[in-house]
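Heads up: the structure comes next, in structure tokens.
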Amino acid sequence: MSKSKSIITEIEKMLHEKQITFDSLTHLTWIEERASGKHFCMREHIRGLIYSLLSNNRPWQQIEENIDKIDEIFFEYDKDKILATNAAEFIDRLQSIKCGNRNIKNQMNSLHANIRKLERIEKEFGSLDNFVTSGSPLEIADLLANSIKYKLNTLGLALAMEYLRNVGVDATKPDTHIRRILGKNRLGYSPREIAGDIEAINIINEIVSQTNYSASKIDAIFWLFCSDGNGKICTEKPHCDQCTLKGTYCNWNLHK
């Protein structure tokens, strides 16, 4: 068994013992649906974009607990109703349920322009699904985050990968949890303490080649293992007393 396979197996056992499941990770369901032939409409792409924006620099748990209210705030992602609504209303209503973030004003002020950009992309490619599957997840995310023609405002690479996952694309979101656990002080895949965004994506892709797991499933296993609202083991200050990776696959004791 490869090192990566052993690590994934051990983490899954620890999550199982804590009764941590994948039930709350709806993007895994959407990825399965796309793999089974589902096509995502404009409404679902707008939902995926907004969910990714709201995940910016904040725990997902508060968003998850208010997801029905968020869906209502955005009119179940009806494009015309969103475009007819002032950004200030979205900001006020999101903040009233404590689902804003430090960039929420910029995000909501850019929402109309981003939807118009999605409309132009849809027209060029025939559908947004054609666009998001026209290259690798990293290639498409880079276009959305960095290109002049396709960039969506306030969307960096990590949030672009999150958007892709939210419309069923098998992708890795290189958030802090993922980048940290891959670093030299933890599992040692990266020579840096915190892996870079693209580096983390490439590492996950390499782990995919060594296991029978998808990129999104590996990402989910690591994220659940690290996040405060879930496994709460390999957090910023790790709880090594609860971890079976210590002394074998983890470098924490060497660098603490």
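The values are calculated or read from the model by the stated rules, or taken from the named source; none is laboratory data. It should be emphasised that the depicted structure is a prediction, and the values quoted were computed from it without experimental measurement. Heads up, the Cβs are rebuilt from the backbone with ideal geometry, glycines too, and the neighbour counts pull from every protein chain shown. Accessible surface areas use protein heavy atoms only, side chains included; no ligands, DNA or RNA. Shrake-Rupley method; radii C 1.70, N 1.55, O 1.52, S 1.80 Å.
Tabulated data for the structure shown
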quantity: Residue count, segment 235-246 (criterion: open to solvent by less than 70 Å² (accessible area, probe 1.4 Å), part of a loop (DSSP other than H, G, I, E, B) and without any contact (Cβ under 8 Å) to a residue 60 or more places away in the chain); calculated: 2
quantity: Of the criteria (1) within 21 Å of the chain's Cα centre (by Cα); (2) surrounded by 16 or more Cβ atoms within 10 Å (Cβ to Cβ), which one K69 fails; calculated: (2)
quantity: Tabulated pairs, segment 23-37, first β-branched (V, I, T), second open to solvent by 40 Å² or more (accessible area, probe 1.4 Å), C-beta under 8 angstrom, 6+ apart or interchain; calculated: I31/D170; I31/S214
quantity: Residues of segment 11-29 classified as modelled with pLDDT of 90 or more and open to solvent by 50 Å² or more (accessible area, probe 1.4 Å), total; calculated: 7
quantity: Residues of segment 202-234 classified as not in a loop (DSSP other than H, G, I, E, B) and not charged (D, E, K, R), total; calculated: 18
quantity: Which listed residue, of Y189, Y249, is touching a residue at least 40 places away in the same chain (Cβ under 8 Å) and hydroxyl-bearing (S, T, Y); calculated: Y249
quantity: Among residues of segment 1-60, those that are hydrophobic (A, V, I, L, M, F, W, C) and within 16 Å of N166 (Cβ to Cβ), counted; calculated: 15
quantity: Residue list for segment 101-116, filter: in a loop (DSSP other than H, G, I, E, B), more than 21 Å from E44 (Cα to Cα) and either touching a residue at least 60 places away in the same chain (Cβ under 8 Å) or of a type outside the set (D, E, K, R) (or both); calculated: N101, N103
quantity: Scope segment 204-243; condition within 21 Å of N166 (Cα to Cα) and either more than 21 Å from the chain's Cα centre (by Cα) or of a type in the set (V, I, T) (or both); matching residues; calculated: I204, V208, I218, I221
quantity: Q62 closer than 21 Å to C234 by Cα and in contact with a Lys or Arg (Cβ under 8 Å, 6 or more places away or on another chain); calculated: yes
quantity: Filter pass, I221 being touching a residue at least 60 places away in the same chain (Cβ under 8 Å), under 29 Å from E32 (Cβ atoms) and open to solvent by 70 Å² or more (accessible area, probe 1.4 Å); calculated: no
quantity: Whichever residue in segment 45-61 is closer than 11 Å to T154 by Cβ and part of a helix (DSSP H, G or I) and, among such residues, is nearest to the chain's Cα centre (by Cα); calculated: S52
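Yes/no per residue for (1) closer than 18 Å to L138 by Cβ; (2) open to solvent by 10 Å² or more (accessible area, probe 1.4 Å); (3) of a type in the set (S, T, Y); (4) without any contact (Cβ under 8 Å) to a residue 60 or more places away in the chain:
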| residue | (1), (2), (3), (4) |
| --- | --- |
| K184 | no, yes, no, no |
| I198 | yes, yes, no, no |
| I201 | yes, no, no, no |
| I233 | no, no, no, no |
